[in-house]
Ligand code: MF3
Ligand code: CO
């Protein structure tokens, strides 16, 4: 599902707005704040930016229920799809903020991990490695490369730091819907899979565990590491262009 240059321009505008909202949420991710306060803030800021939440009432493939919140907020060993609640953020929490919006009829999606207060050395390394993996994945997203090149770049970076790609969770095409073809795996063989062409818009999102990559689904349908080890997640929506990858979800 290729996007026109005009559509990519609109997604860039939406992406700028999303990046600004995430930045504001990061600044409020501090001890004493309940995760549902951040959800409410995300809702207000997205509407204030002339956009709509992308996750609210969305039903992910395989989920039994529509998602009832604006923000996915996943703490510590929870990797993704954590639900806002009365849980109060504490010093040392590893907080994943995952947020999407619809602007001008087009979807953008991004995620960051915030280490609150004084994180452990292992958590700090995990966050940096996951950020580096996203950067490597994005750098591989150029015309003539393949989906396998993106996955291989992510996997190689994660392994270099002796961490593990979370099993079964992937990035995705995005634009006219939150989740479009293709599936963007966080591992792969260089040169394998579909060729990347200008006009593709992809959500690239390494999800990385400090311990084993096996996951378990929790009662609220979020995904946590099976061994309880901490996990990190970074995500950008990008466009493949003639000139190379264009990050849409930054200011
Ligand atoms: N952020 C998730 C993704 O990147 C989507 C969350 S879907 C929700 O695919 F329904 F849980 F919000
Ligand atoms: Co996504």
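Computing FRET efficiency as 1/(1 + (r/R0)^6) for residue 6 and residue 47, where r is the C-beta to C-beta distance and R0 is 25 Å, gives about 0.55.
Taking a ≥ b ≥ c as the square roots of the eigenvalues of the Cα gyration tensor, an a/c ratio of 1.5 or more together with a/b larger than b/c marks the range 164-251 as prolate. With all pairs of different C-alpha atoms in the average, the Kirkwood value for the hydrodynamic radius of the chain is 17.8 Å.
Dividing the mean sequence gap of close Cα pairs (under 8 Å, 6+ apart) by how many residues the chain holds gives a relative contact order of 23 percent. The range 85-127 and the range 17-77 have Cα centres separated by 10 Å. Panel order for 154, 46, by other beta carbons found within 10 Å of each beta carbon, from fewest to most: 46, 154. The value of relative contact order for the range 169-243, using C-alpha pairs under 8 Å at least six residues apart, is 31 percent.
The distance from the alpha carbon centre of the range 211-251 to that of the range 188-209 is 13 Å, rounded to a whole number.
For the pair residue 61 and residue 23, label points projected 7 Å from Cα toward Cβ lie 3.4 nm apart.
Any read-out appearing in this document is the output of simple, stated calculations on the displayed coordinates, not a laboratory observation. None of these values were measured; they are calculated from a predicted model. Positions of Cβ are generated from backbone atoms using ideal geometry, with glycine treated the same way; all protein chains shown enter the neighbour counts.
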